[in-house]
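Inspection log for the structure reproduced underneath, given as structure tokens.
The values are calculated or read from the model by the stated rules, or taken from the named source; none is laboratory data. Just so it is clear, the structure is predicted and the values come from calculations on it, not from any experiment. A quick note on method: Cβ atoms are made from the backbone with ideal geometry, for glycine too, and the neighbour counts reach across all protein chains shown. Only protein heavy atoms, including side chains, enter the accessible area calculation; ligands, DNA and RNA are left aside. Shrake-Rupley method; radii C 1.70, N 1.55, O 1.52, S 1.80 Å.
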Amino acid sequence: MKLSGTNRLASNHRSTAVVLVAMLVISLLLGRPLSATAQTVDDYAALDLLADILFLVQQNHVDAHKLDQLVDGAVRGLLTSLDPHSEYMNADEFSEALIDTEGSFNGLGIEISVKDDSIIIIAPIDGTPAQRAGIRPGDRISAIDGLATSQMGIHQALQKLRGPIGSVVRLQLQRDQQSAPLDLELRREKIELTSVQGRLLPATPGGPAAIGYLRISQFQKNTAAQLLPELQRLRQQAGNQWLGLILDVRNNPGGLLDQAVAITDLFLDGGLVVSTRGRRPQDELQFTAEKTATEPDYPLVVLINEGSASASEILAGALQDHRRALIVGVTSFGKGSVQALIPLSNGGGLRLTTAYYYTPNGHCLQARGIIPDLVVPQGQWQTSAAGPPVREADLPQPTAVRPAELYPQITTSDPADTELLRQDFQLFSAINLLIGCQRLTGEAPSRATGGQP
């Protein structure tokens, strides 16, 4: 269909539209007003097409639209087309983005990202409605309260997931290897993020608690300050029975970079922790460990899984490359990009990917993740008397060993510890590694035995 009148009108107002759109977009992105100089128009001549489209939409779309609303949509589309983590946020969305590092919010307790145009769960947070409902890393949210998420950005999804305490939200999840969707109904709570929890675990059934266990659920602004006194408490409590430490960052979606660097620095007496590389010189950064206040060279195991992302991958990668820790579990999420939060003059802001993270040995974390030194999928203890198939005890006329004896009977002096180890095969494997190191050497292993084999 030919719109000759519209074409003539568009031609008459082309220059004015280009200048106005250029001023609006550039002012929004840079957070300050700009004057329409000839240099600006020349440099942003490509906005000619955008101006034409915005003008045609404003003049001919069935619904009336203000120019600032159209520019808002154009800017959102521009940012989301770059990568899954770059986005434009209005004032309310930008304020909400600053909440995530403060330690509390009202919602379900899940960290989400965008992957293959789907809202994907990186990890549920410990002790939250999401974790109690059995939500897993890798689950995809296909609908929130009946609304499909296929066209939602991260912050639109977050706004729908968060809400008043006690209110109900309905989720539809897609899980790998399950054809039918999972329908869950969860009640929102105030999510108080206690990022560090510690305890001592026994090295032998009924024996003294001698292995430190520190669970880091997220890297917030006070995580390092919480971890150090908890670590010191565990070491003092274990005394000369101390065999080593397990750092658990499974299902840890990340958080603040400085906290990951500070905790990594506790276990390194120098050297590079992580570097960032981008297009601009100011995005080329290096973060190093200091020689002071370094923990002794006791054995160290770091547990990771597919829900370990960003800052938790930085910690694991640095300790792995420096051969300071043995990394156990399964390959991590692979979120290795740096996002800068840039405030704008309208109260909104940008979350803009500006660089990638690199481990001390130069491995880019993005999409690759951290590959464990020892791959241990999470399993469950078999309680069937038949035991596993194709074993000596399953053959006719087994010799001496009964099937029930093929698996260790895990018992500890604390029933809670017993149940924990029965349910957590990866943690049980980490404890066995520390015990095995001691038995091989007859003493607490050195840093060399605590690193890569």
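From the protein chains alone at 1.4 Å, what is the descending order of accessible area for MET89, MET152, largest first?
Sorted descending by solvent-accessible area, the residues read MET152, MET89.
How big is the convex hull of the Cα atoms of the stretch 214-283, per residue, in Å³?
In the stretch 214-283, the Cα convex hull volume per residue is 114 Å³.
So what are the radius of gyration and Dmax for the Cα set of the stretch 266-389, in Å?
Considering the stretch 266-389 through its Cα atoms, Rg and Dmax are 18.4, 68 Å.
FRET efficiency for ASP297 and GLN241, Cβ-Cβ distance as r, R0 = 25 Å, nearest 0.05?
Once rounded, the FRET efficiency stands at 0.90.
When the Cα centres of the stretch 217-265 and the stretch 275-291 are compared, how far apart do they sit, in Å?
23
Among SER195, SER118, what's the order by accessible area (1.4 angstrom probe), most exposed first?
SER118, SER195
State, to one decimal in nm, how far the label point of ASN432 lies from the label point of HIS65, with both points 7 Å from Cα in the Cβ direction.
My value for the distance between the label points is 6.0 nm.
So for ILE342, ILE165, ILE371, what's the accessible-area order with a 1.4 Å probe, most first?
Largest accessible area first, the residues go ILE165, ILE371, ILE342.
Over the Cα atoms, compute the radius of gyration (one decimal) and Dmax (the largest Cα-Cα distance, rounded to a whole number) for the stretch 324-373, in Å.
That works out to 15.2, 48 Å for Rg and Dmax.
Using a 1.4 Å probe on the protein heavy atoms only, what accessible surface does VAL249 show? Give it in Å² to the nearest 10.
So the heavy atoms of VAL249 present about 0 Å² to solvent.
LYS221 to ARG277: extension gain in nm, 0.36 nm per residue of separation minus the Cα-Cα distance?
17.8 nm
Applying the Karplus parametrisation 6.51 cos²θ - 1.76 cosθ + 1.60 with θ = phi - 60° to the phi angles of the stretch 172-186, what ³J(HN,Hα) value in whole Hz is obtained for each residue in order, glycine and proline being reported as x?
Taking θ as phi minus 60°, the curve returns 10, 10, 10, 10, 3, 6, 10, 6, 7, x, 9, 9, 10, 10, 10 Hz for the stretch 172-186.
How long is the gain from ASP183 to ASP92 if the chain were fully straight, where each residue apart is worth 0.36 nm and the alpha carbon distance is subtracted?
Gain in length upon complete extension: 29.8 nm.
What fraction of the DSSP beta bridges in the stretch 232-367 is antiparallel, stated in percent and rounded to the nearest 5?
Restricted to the stretch 232-367, the bridges split so that about 65 percent are antiparallel.
Which entries in LYS190/LYS221; LYS66/LYS190; LYS160/LYS335; LYS160/LYS221 show an alpha-carbon gap greater than 28 Å?
LYS66/LYS190
Which residues' amide hydrogens lie under 5 Å from the amide hydrogen of TYR357, considering only partners 5 or more residues apart or on another chain, with H built in the peptide plane?
Under 5 Å from the amide H of TYR357 lie the amide H atoms of SER337, VAL338, LEU365, GLN366, each far enough along the sequence or on another chain.
What translational diffusion coefficient, to the nearest whole µm²/s, does the stretch 208-251 have by Stokes-Einstein, given a Kirkwood radius computed over alpha-carbon pairs, a temperature of 37 °C and 0.692 mPa s viscosity?
It diffuses with D of about 295 µm²/s by this estimate.
Distance between Cα centroids, the stretch 309-380 to the stretch 124-151: provide it in whole Å.
For the stretch 309-380 versus the stretch 124-151, the Cα centre distance is 22 Å.
Gain in length, ILE53 to LEU285, computed as 0.36 nm per residue apart minus the alpha-carbon separation, to one decimal in nm?
79.5 nm is the gain from fully extending ILE53 to LEU285.
Write down, largest first, the equivalent ellipsoid semi-axes of the stretch 227-333 in whole Å, where each equals the square root of 5 times an eigenvalue of the alpha-carbon gyration tensor.
25, 17, 12
Read phi for every residue in the stretch 65-72 and hand back ³J(HN,Hα) as whole Hz from Karplus 6.51 cos²θ - 1.76 cosθ + 1.60, θ = phi - 60°, with x for Gly and Pro.
Those phi angles translate into 9, 7, 4, 5, 5, 5, 5, 4 Hz.
Would you work out the Kirkwood radius for the stretch 44-93? I mean one over the mean of 1/r across all pairs of different Cα atoms, in Å.
12.1
For the stretch 138-233, what are Rg and Dmax over the alpha carbons, in angstrom?
19.4, 55
Using the beta-carbon distance between LEU78 and ILE165 and R0 = 30 Å, what value does 1/(1 + (r/R0)^6) give for FRET efficiency, to the nearest 0.05?
The calculated FRET efficiency here is 0.25.
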